[in-house]
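Below is one structure, written out as structure tokens, with a few remarks after it.
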Amino acid sequence: MNTAATAFNPACPDNTSIKVDSPTLTEIPVRQERGERAVFCGLTSIIWLHRKIQDAFFLVVGSRTCAHLIQSAAGVMIFAEPRFATAVLEDKDLAGIADCNDEIDRVVERVLQRRPNIKTFFLVSSCPSEVIKLDLGNSAQRLNKIYQGRVRFADYSGSGIETTFTQGEDNCLKSLVEELPNTESKEKNLIIAGTIADVVEDQFKRIFEQLGVENVSFLPARNEEQMPKVGDNTYVLLAQPYLGETTRSLLKRGAKLIQAPFPFGAEGTLEWLRSVAKVWDIPEDKFESVISIPLARARRALTHYQDKLAGKSITFLPDSQLEIPLARFLSRECEMKLKEVGVPFFDRQIIEAEMNLLPADVTLTEGQSLDDQLDRVREDKPDLTVCGLGIANPLEAEDLRTKWSIELMFTPIQGFDQAGDLAELFARPLIRESRLEC
Amino acid sequence: MQLTVWTYEGPPHVGAMRVATSLKDVHFLLHAPQGDTYADLLFTMIERQNKRPPVTYTTFQARDLGSDTAKLVTDAIQKTYQRFKPDVMLVGDSCTAELLQDQPGTLAEGAGLPVPVVPLELSAYSRKENWGASETFYHLVRALLIHQKEQSGDKEEGIDKLEFKKPKANLLGPSVLGFRCRDDVVEVTSLLRAIGVEVNVIAPLNASPEDLLRIPEADFNICLYPEIAATTCAWLERTFKQPYVKTIPIGVGATADFLREVGQLAGIDVEEYIQNNSSRLPWYSKSVDSTYLTGKRVFIFADATHATAAARIAKFELGFDVVGIGSYSREQARDVRKVAKELSLDALITDDHLEVEKAISELRPELVLGTQMERHIAKRLGVACAVISTPAHVQDYPARYSPQMGFEGANVIFDSWVHPLMMGLEEHLLGMFREDFEFNDSAAPSHLAAEGTLSNQPEEDIAKNTNQEIVWDLEAERELRKIPFFVRGKARRNTEKFALDSGLDSISLDTLYEAKAHFSR
Ligand code: SF4
Ligand code: SF4
């Protein structure tokens, strides 16, 4: 199956991807690095996914490490009983004394007794469950039969041997896509894919309404009922830059991808919306009239931080896959200088529209060799380094300012009205530096 | 499979990381997938360590599984040694790597490194963090000292030479991510110095392998945290005839007992010192204001060391009623059970926080002494809480000096346990001005202003009839509202129980006061 590869060839007659403008792709070299990686695994994404999908439960089948990761990575524990848990494998499960299938059924039953309102139940595999080849796909099928549609079971991998932390969401959404109902509708409909905060979702909804773009749905939706339908007239617009697998699944189901920069910053959001307006044939003046006020507001908000960020340099360690769009935003809208931009993996299909907007001299790295990369950070001495939680304080102690990448997942940063907040996230460490005397 | 939402302890390799990170010049190579690198943040975020833990992860991926993960380990061993040049290398598996059976320890031993390699077996599917720390510390100490065993002749006379040199003790057990270890070590060191005992080695916290080699030079050991050091202390006792002090100096009484036990091993009379030095806790407990502490119902859940210590302080030094006690430390469960028995209680030994939550909501204590898990539970239930043990959060690693051990530790404990409670005067004023509209139930006492208003949840609970069969008449209900809110729940429950026991199906004003008389102590 090579739909993915052909879909993005503009010359291909059966091109399913819509390109807004098609400038020639700047060939920025991507340096490969292999070695120790310092990125969390896909289980981490459960922290935001379980808040977003309000009638879903996430059961990780894994080890104590997996349970500990989720609770530690959340940083703050969630007060209400969370809609996730780990079924921790024990010696007797590994020795085959306890039948893992029975055990899973028992644990699922216990969860559903406590939480009878769950509609979607994700069985999430981990490194240990994958290494012992526990087939959660089978379990999902079996449980679907047992619960006969009252609860829908899906499975996906959040393991560290397969996924980095945002890839967990990609796999989760992919598993949802496979179950989405079909639509025969002849009308164009739009799926916005990628978890965004409810408040941002509502803002986008309003803008699309004003533009006259109807049939907009979000993946993931807040609950099962609102999950999108997909068909031949479905267009996909990505709100997050890490959804390669989800996108390819949607394309297989007949949807078309709208290539656009990601909605970070005023410009990013503008181009993101414009790409839809083009597909929907919205007249330019109407587009302008809807967009002009929030756009002006976004630009105004940005001015508060531009002087703090302009001329400052920044390095991204590979982590969330948000690195490239954020680097674009910071370089173009905040005039920051990009040192190294690292990504865990490089998915050209998804990131294509961003690549033309990056400065040609940017250093892109794919993969990681942690200690070597930290050596480069020490040498480059960027004014700001975006990195994982484990590394931030040690870098601060070496007098390097940092921003935690995971905060970018927990904070509403997309859209016009968050452009200022996004810039502020990066400005804050610098502002603090300028305030502290000792 | 065990259904787990929050866990008290991490996996055993996190315990190994705690030991490695406590030490100097030691590096830990952990065969683990990339996601396991989250553990760094425990050290750098929760305890605000300014360096990365000395841990290198092999971060194997699925695509490596088909080929050769062992090769990955072999390469990592060389690279890691070259980069960090540690004096000792620890090598172990995370849970996933344990399943691969690459034997990284054996590979490392065969790698021809010029430094000692200590392989760790961490049993990820049956054991947990503290056990992992204990095993790591034990295997490291053993690996470094086993050769000295042959050379060490009889050191029977060690302690007899007191006239010439001060007795020396090792402090074993303090580690990073332990509860207030940083300050406990300072406090205990100064206590020992005051009675004329010299501290020889503190480990693992800030010790280098060279320091560990000097452990046998001490006359005896002090096991400060049995969760981490008991195995090592027992081995040192067998191997080097070093006896060890078992009393944990948390609380006034325990600190005195500790000094006596040290005195006995060191041949020092400590009574005079104990007479002249103590904490402010006993006087504070006796002061008028503390009348209001008497009989407060407390629930304790912590690691074994802190749970058992807390029980003694709560009961004998503050005059509380301990209504429940438990621990997640299965390895030390026996100690907790023993203390529970003395209190005529059944110890709750579990690592399921839902069970703990159930116990707390059933017992309705007025104060919970626990971990960050219990802080959440208590907050939800609207009960006061103080954190006394790991797992703890960033705010439990305070900037100020705040030991738990020794006489100063007792001062700190008095303050931090009493702080979340109503102070005596406040309790009174609240009763007196209850009907003042500005002084209503939902206003938090002033010293708790930072914590915001008190949770409304118990209010809602209380407002609801807990028992469907019993009806409160209007007058009784109104009277109940006049009872201060922090005892209102208890009053309601007691009255309903009284009514049920007396075969009543409704509660009148009289029933309320009869119940009050019935239950008054
Ligand atoms: S309430 Fe306490 S334990 Fe919970 S997340 Fe906040 S600081 Fe941590
Ligand atoms: S990396 Fe694997 S073992 Fe570690 S927490 Fe993630 S899924 Fe669990």
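How well do other chains shield peptide B:41-50, expressed as the mean number of their Cβ atoms within 10 Å of each residue Cβ? Write out the running numbers ahead of the final one.
Details: counts 13, 4, 3, 10, 7, 2, 1, 3, 3, 6.
Mean shielding count: 5.
The relative contact order of the range B:281-421, computed from alpha carbon pairs under 8 Å that lie at least 6 residues apart in sequence, is 21 percent. In summary, the lysines within cross-link reach of A:Lys186, defined as a Cα separation below 22 angstrom excluding same-chain residues under 8 places away, comprise A:Lys19, A:Lys205, A:Lys229, A:Lys252, A:Lys256, A:Lys278. Looking at chain A, the accessible area is 39 square angstrom per residue; that uses a 1.4 Å probe and ignores ligands, DNA and RNA.
Between A:Arg206 and A:Lys186, full extension at 0.36 nm per residue minus the direct alpha carbon distance yields a gain of 4.9 nm. Short-range pairs are left out: with C-alpha atoms under 8 Å and at least six residues apart, the relative contact order of chain A is 18 percent. Its relative contact order, with pairs defined as Cα atoms under 8 Å and 6+ residues apart, puts chain B at 12 percent. Simple rule: put +1 on each Lys or Arg Cβ and -1 on each Asp or Glu Cβ in the protein assembly as shown, find the dipole, and look at A:Val107, A:Gln54, A:Pro359; the Cα lying farthest toward the positive end is A:Pro359. The A:Arg348 and A:Ile132 beta-carbon pair, evaluated with R₀ = 60 Å, returns a calculated FRET efficiency of approximately 0.95. Pairs exceeding a 30 Å alpha-carbon distance, out of B:Lys166/B:Lys241; A:Lys92/A:Lys145; A:Lys133/A:Lys339; A:Lys119/B:Lys358: A:Lys133/A:Lys339.
In this structure A:Ser313 has an accessible area near 10 Å², from a 1.4 Å probe over the protein heavy atoms. Here the gap between B:Glu355 and B:Trp283, fully extended at 0.36 nm per residue and compared with their Cα-Cα distance, gives a gain of 22.2 nm.
State whether the protein assembly as shown is rounded, prolate or oblate according to the following rule on the C-alpha gyration tensor (a ≥ b ≥ c being the square roots of its eigenvalues): a/c under 1.5 gives rounded; otherwise a/b larger than b/c gives prolate, and the remaining case gives oblate. Let's see the in-between values first.
Numbers: a/c = 1.90, a/b = 1.31, b/c = 1.45.
In terms of gyration-tensor shape, oblate.
With a 1.4 Å probe rolled over the protein heavy atoms of all chains, the accessible area of A:Ser249, A:Ser434 falls in the order A:Ser434, A:Ser249, largest first. Within a straight-line Cα-Cα reach of under 13 Å, A:Lys52 can be paired with the following aspartates and glutamates, leaving aside sequence neighbours fewer than 8 residues apart in one chain: A:Glu169, A:Asp198, A:Glu201, A:Glu224.
Taking packing as the residue-averaged number of other Cβ atoms within 10 angstrom, the listed peptides A:422-428, B:99-105 run from highest to lowest as A:422-428, B:99-105.
When ligands, DNA and RNA are left out and all protein chains stay put, how many square angstrom of accessible area per residue does chain B have with a 1.4 Å probe? Mind showing how you got there, number by number?
Numbers: 22220 Å² over 521 residues.
I get 43 Å² per residue for chain B.
Which residues does the label zone of B:Glu271 cover in the range B:308-331, counting backbone N under 18 Å from a point 7 Å along Cα→Cβ? None, by backbone N distance to the label point.
Calculate the dipole size of the range B:1-87 relative to its Cα centre from +1 charges on Lys and Arg beta carbons and -1 charges on Asp and Glu beta carbons; express the result in debye to the nearest 20. Walk me through the numbers before you get to the answer.
Working: 10 positive and 9 negative charges, 60 e Å.
The calculated dipole for the range B:1-87 is roughly 280 debye.
Using a/c under 1.5 as the rounded threshold, could you call chain A rounded, prolate or oblate? The axes a ≥ b ≥ c are square roots of the C-alpha gyration tensor eigenvalues, and prolate needs a/b larger than b/c, oblate otherwise. Oblate. Gain on full extension, evaluated as 0.36 nm per residue between B:Ser502 and B:Thr239 minus their Cα-Cα distance, stands at 88.1 nm. Taking Cα centre as origin and charging only the Cβ of basic (Lys, Arg, +1) and acidic (Asp, Glu, -1) residues, the dipole magnitude of chain B rounds to 720 debye. On the basis of the beta-carbon distance and an R0 of 56 Å, A:Glu33 and B:Tyr401 show a calculated FRET efficiency of 0.80. Model label points for A:Gln306 and A:Asp421, set 7 angstrom from Cα along the Cα-to-Cβ axis, are 2.2 nm apart. For the range B:165-276, the calculated P(r) over all alpha carbon pairs, in 10 Å bins from 0 to the bin holding the longest distance, is 15, 52, 30, 4 percent. Projecting label points 7 angstrom from Cα along Cα→Cβ for A:Gln141 and A:Arg253 puts them 2.0 nm apart. Between A:Arg83, A:Arg274, A:Arg106, the residue with the greatest mean-square fluctuation in the GNM of chain A (Cα pairs under 10 Å linked by springs) is A:Arg106. Listed peptides A:376-385, B:11-20, B:384-393 appear in the order B:11-20, B:384-393, A:376-385 once ranked by packing, highest mean of other Cβ atoms within 10 Å at the front.
When exposed loop sites are taken as chymotrypsin sites (Phe, Trp or Tyr not before Pro) in a DSSP loop with at most 14 other Cβ atoms within 10 Å, the longest stretch of chain B clear of them is B:165-400. Our coupling estimate for the range B:34-45, obtained by passing each phi through the Karplus curve with A = 6.51, B = -1.76, C = 1.60 and θ = phi - 60°, is 4, x, 5, 5, 3, 4, 3, 5, 4, 7, 7, 9 Hz, Gly and Pro reported as x.
For the range B:12-128, a/c is not less than 1.5, where a ≥ b ≥ c are the root eigenvalues of the C-alpha gyration tensor, and a/b does not top b/c. That puts it in the oblate class.
Carbon-plus-sulfur fraction of the accessible area of the range B:78-143, 1.4 Å probe, in percent? Working shown, then result.
On the way: 1120 of 2640 Å².
Roughly 42 percent of what the probe reaches on the range B:78-143 is carbon or sulfur.
Distance from the alpha carbon centroid of the range B:34-60 to that of the range B:388-403 works out to 19 angstrom. Each label point was placed 7 Å from the Cα along the Cα-to-Cβ direction; for B:Asp510 and A:Glu379 their separation is 9.2 nm. With the dipole of the range A:201-275 worked out from charges on the C-beta (+1 for Lys and Arg, -1 for Asp and Glu) around the Cα centre, which of A:Phe204, A:Thr234, A:Phe264 lies farthest toward the positive end? Of A:Phe204, A:Thr234, A:Phe264, it is A:Thr234. Once the other residues with Cβ under 14 Å from the Cβ of B:Asp335 are scored (Lys, Arg +1; Asp, Glu -1), what is the net sum? My count for the surroundings of B:Asp335 gives +3.
At R0 = 22 Å, how high is the FRET efficiency between B:Thr291 and B:Lys338 if r is their beta carbon distance? Nearest 0.05 is fine.
Numbers: r = 31 Å, r/R0 = 1.40.
According to the calculation, E is roughly 0.10.
Residue by residue along A:31-38, Cβ atoms of other protein chains within 10 Å of the local Cβ number 4 on average.
The values are calculated or read from the model by the stated rules, or taken from the named source; none is laboratory data. On a predicted model such as this, the values are computed, not experimentally measured, just so you know. Cβ coordinates were reconstructed from backbone atoms using ideal geometry, including for glycine residues, and neighbour counts include every protein chain displayed. All accessible areas refer to the heavy atoms of the entire protein, side chains included, with ligands and DNA or RNA removed. Shrake-Rupley method; radii C 1.70, N 1.55, O 1.52, S 1.80 Å.
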